[in-house]
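Encoded as structure tokens, the structure appears first; notes follow it.
What follows draws every value from the coordinates through simple rules; no lab data is involved. No experiment lies behind these values; they were computed from the predicted model shown. Here the Cβ is made from the backbone with ideal geometry for all residues, glycine too, and neighbour counts use every protein chain on show.
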Amino acid sequence: MSEHNNVYPVRDSIAAKAWADKDKYAAMYQQSMDDPEGFWGEQAKRLDWIKPPSKIKNTSFARDNVDIRWFEDGELNVAANCLDRHLEKRGDQTAIIWEGDNPNESKHISYRELYERTNQLANGLKSLGIKKGDTVTLYMPMIPEAAMAMLACARIGAVHSVVFGGFSPDAVAQRVIGADSKLVITADESVRGGKHVPLKENVDSALKRDGTDVCKNVLVVKRTGGDIDWQEGRDIWFDELVDKQSTECPAEAMNAEDPLFILYTSGSTGAPKGLKHTTGGYLTYAAMTHQYVFDYQEGEIYWCTADVGWVTGHSYIVYGPLANGATTLMFEGVPSYPTHGRMGEIVDKHQVNILYTAPTAVRALMAHGDGVMDSSKRDSLRLLGSVGEPINPEAWEWFYRVIGNEKCPIVDTWWQTETGGIMIAPLPGATDLKPGSATTPFFGVKPALVDNEGHQLEGATEGNLVILDSWPGQARSIWGDHERFVQTYFSTYDGMYFTGDGCRRDEDGYYWITGRVDDVLNVSGHRMGTAEIESSLVAHSAVAEAAVVGFPHDIKGQGIYIYVTLNDGIDPTDELKKELTQWVRKDIGPIASPDVIQWAPGLPKTRSGKIMRRILRKIAANECDGLGDTSTLADPSVVDDLIEHRANQ
Ligand code: WT7
């Protein structure tokens with residue numbers, strides 16, 4: 001289809017006022033490559049330092065010495081950069097617009113209010129014995145207290161670990177143990193799409209597991225007033241603790257390389273890993289990318305629809321926007337409630353200028369037809385953004401035409417939990433757009449494509465996406481397991497950061513991410529390891545073996561397709577399928593719900609016993625004609641059986 005080769009040139013009206021036009025992007029990018037020290041030393045000045053750094057970059061990607069330091073002798077405080085320094089100029093400006101799940105509920109929180117409440121909470125945390133270097137787990141709804149909790153931790157030098165509110169008690173327990181958290185901050189319940197989610201009950205259940213006794217207190221925001229159990233001595237109401245505290249709390253001087261947060265994410269093997277992000281480089285990078293990629297202009301209303309449980313929420317709801325003195329909108333609910341017009345209605349209600357969302361949300365709206373946007377005008381929009389997975393050109397065009405009224409550039413931003421901030425994306429005033437391409441690298445980012453042996457490929461080509469040198473926002477390690485960090489990201493190709501993504505580069509040097517090349521799924525922009533789902537399934541008494549693969553899904557991008565081999569004597573019934581579905585939801589969380597379960601009397605394996613996922617992926621995608629070479633299988637006949645009994649999706 002020809003429309004998929006469309007190019008959308010930069011608009012003059014945008015370039016004229018943008019932070020960067022074509023020439024400026026080219027010059028700055030070149031400088032960031034030629035002189036990273038000079039470039040980032042200058043950029044670090046966008047922050048307020050207690051002690052400005054004299055050393056800028058000290059980084060090594062060498063397999064035997066992965067060591068990443070930025071601004072290593074500098075000292076600063078992230079909360080002071082997001083709050084204190086704005087008070088004089090914009091104390092009364094709205095920092096956070098909060099829009100409730102219920103369309104009649106919203107509020108505006110000024111920078112001064114956010115500063116005072118955050119300080120009170122910081123003092124409250126101190127009164128519970130939380131100090132610099134301690135870790136705190138947050139399991140919270142999308143309410144302003146979530147941002148306050150992150151900032152309060154940052155203020156006193158505690159390290160937060162936010163766990164997405166859709167995860168299960170097991171996931172909470174795993175992360176409390178992994179990070180050694182003394183405190184969990186949660187709410188009685190969260191509210192999404194009119195439904196209540198029992199967060200406190202989940203925490204209670206999590207803290208019954210072995211190993212969680214490191215956690216001494218649970219701080220509970222009263223969100224709904226719903227019924228909850230209460231453990232005297234352990235549980236504390238948020239308001240009761242916070243109301244009585246002073247609104248002044250000195251900001252702890254943190255070294256630039258002190259940890260700011262841990263964030264767990266899934267990989268191709270093993271349990272989720274806690275990426276460690278640090279202070280000075282992370283904030284410099286989050287703030288700079290937020291300014292340039294969204295071309296954020298003074299006074300604009302900016303809305304990122306992510307959840308604070310993901311890195312997008314960290315960098316582009318809280319830290320980047322607040323460091324820049326922006327007004328950031330935080331939405332508690334889901335885009336389909338009470339109706340599918342909600343997203344557009346919120347844009348109108350709060351006069352949103354910049355809307356940053358996910359392809360899956362766009363596709364879900366698109367499935368309802370253009371009329372789904374009739375309840376809103378969206379005249380205030382100036383810019384759109386996309387993140388989480390490749391955006392297919394059809395969805396891009398619909399986003400542009402129907403949501404953006406054909407007047408807003410779309411910035412398709414490729415990045416990862418590990419990268420801390422946006423890596424490949426257009427700049428609105430500098431980059432001509434091609435639907436489906438994340439386009440070109442941000443300042444300081446040096447992408448390359450390599451073949452499976454690690455040889456760099458030149459020109460228009462396709463390969464594995466690596467990054468050749470460090471940028472300030474990148475994760476420094478895996479919490480408590482540096483060796484795993486090295487193994488996962490730096491040992492596949494020596495001296496290079498391996499992203500896990502496949503990618504094409506076209507004749508204009510534009511990057512087109514093609515998706516993960518490892519055993520990681522991307523379901524509605526949520527990242528999941530196939531190994532995690534498999535290990536959940538095999539823990540069920542009926543299951544002998546399980547193999548999980550992704551398959552193309554119209555709305556979610558990828559769906560979850562599961563092949564299950566049952567133990568001898570177990571009947572393969574529909575009831576059992578339902579039970580296994582519930583099992584995985586309970587174990588990991590609703591985001592891991594299987595889309596398809598197929599009974600598999602046998603799985604295709606090599607003679608050495610390795611499951612051939614390539615074949616399973618093809619069958620799941622209904623591409624049974626192109627299975628390729630099956631002669632290396634121990635028993636090729638299992639493939640015929642799987643094709644014959646292929647489950648309908
Ligand atoms: C993986 C990272 C970055 C915050 C949200 C997800 C995929 C992300 C894009 C994009 C194509 C994308 C990649 C990446 N991805 N953004 N614009 N185009 N793919 O963070 O959970 O760490 O997942 O999401 O596969 O590796 P994450």
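What residue, among those in the stretch 502-521 that are surrounded by 20 or more Cβ atoms within 10 Å (Cβ to Cβ) and assigned to a strand (DSSP E or B), is farthest from the ligand (Cβ to nearest atom)?
Arg505
Could we say that Glu105 is touching a strand residue (DSSP E or B) at 6+ places or on another chain (Cβ under 8 Å) and loosely packed, with under 15 Cβ neighbours inside 10 Å here?
yes
When the residues of the stretch 284-310 are filtered to those that are of a type in the set (Val, Ile, Thr) and over 20 Å from Glu145 (Cβ atoms), which remaining residue is farthest from the ligand (Cβ to nearest atom)?
Ile301
Right, His540: more than 20 Å from Pro604 (Cα to Cα) and in contact with a Phe, Trp or Tyr (Cβ under 6 Å, 6 or more places away or on another chain) or not?
yes
Can you pull out the residues in the stretch 618-633 that are assigned to a loop (DSSP other than H, G, I, E, B) and either among the polar types (S, T, N, Q) or surrounded by fewer than 15 Cβ atoms within 10 Å (Cβ to Cβ) (or both)?
Asn622, Glu623, Gly628, Asp629, Thr630, Ser631, Thr632
Mind telling me which of the residues Ala206, Ala158, Ala146, Ala187 ends up being within 22 Å of the chain's Cα centre (by Cα) and farther than 23 Å from Asn102 by Cα?
Ala158
The rows are residues; the columns are (1) over 18 Å from Gly333 (Cα atoms); (2) in contact (Cβ under 8 Å) with a residue 60 or more places away in the chain.
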| residue | (1), (2) |
| --- | --- |
| Arg192 | no, yes |
| Lys200 | yes, no |
| Asp210 | yes, no |
| Leu219 | yes, yes |
| Trp230 | yes, no |
| Arg234 | yes, no |
| Glu240 | yes, no |
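Can you find a residue that is assigned to a loop (DSSP other than H, G, I, E, B) and over 26 Å from Val78 (Cβ atoms) anywhere in the stretch 233-252?
For the stretch 233-252, residues assigned to a loop (DSSP other than H, G, I, E, B) and over 26 Å from Val78 (Cβ atoms): present.
Identify the residue in the stretch 331-352 that is in contact with a Lys or Arg (Cβ under 7 Å, 6 or more places away or on another chain) and aliphatic (A, V, I, L, M) and, among all such residues, is nearest to Phe399 (Cα to Cα).
Of everything passing the filter in the stretch 331-352, Val347 is nearest to Phe399 (Cα to Cα).
Restricting to the stretch 365-393, and then to whatever is within 16 Å of the ligand (Cβ to nearest atom) and free of Cβ contacts under 8 Å to residues at least 40 places away in the same chain, can you tell me which residue is farthest from Asp295 (Cα to Cα)?
Ser386
Residues in the stretch 522-567 that are touching a strand residue (DSSP E or B) at 6+ places or on another chain (Cβ under 9 Å) and either small (Gly, Ala, Ser) or within 11 Å of the ligand (Cβ to nearest atom) (or both): how many?
Count: 18.
Among all residue pairs at least 6 apart or on different chains, which show Cβ distances below 7 Å where the first residue, located in the stretch 515-543, is closer than 16 Å to Pro359 by Cα and the second is hydroxyl-bearing (Ser, Thr, Tyr) and more than 9 Å from the ligand (Cβ to nearest atom)?
Leu521/Thr530; Ser524/Thr360; Gly525/Thr360
For the stretch 252-269, give me each residue that is more than 20 Å from Trp70 (Cβ to Cβ) and either more than 16 Å from the ligand (Cβ to nearest atom) or buried (at least 21 other Cβ atoms within 10 Å of the Cβ) (or both).
Tyr264, Ser266, Gly267 - these are the residues of the stretch 252-269 that are more than 20 Å from Trp70 (Cβ to Cβ) and either more than 16 Å from the ligand (Cβ to nearest atom) or buried (at least 21 other Cβ atoms within 10 Å of the Cβ) (or both).
Inside the stretch 427-447, can you point out the residues that are in a loop (DSSP other than H, G, I, E, B) and within 11 Å of the ligand (Cβ to nearest atom)?
The answer is Gly436, Ser437, Ala438.
Which one of these is touching a residue at least 40 places away in the same chain (Cβ under 8 Å) and more than 12 Å from the ligand (Cβ to nearest atom): Thr499, Thr488?
Thr488
Kindly evaluate Gly344 against the criterion of being more than 22 Å from the chain's Cα centre (by Cα), part of a helix (DSSP H, G or I) and among the small types (Gly, Ala, Ser).
When the stated conditions are applied, Gly344 passes them.
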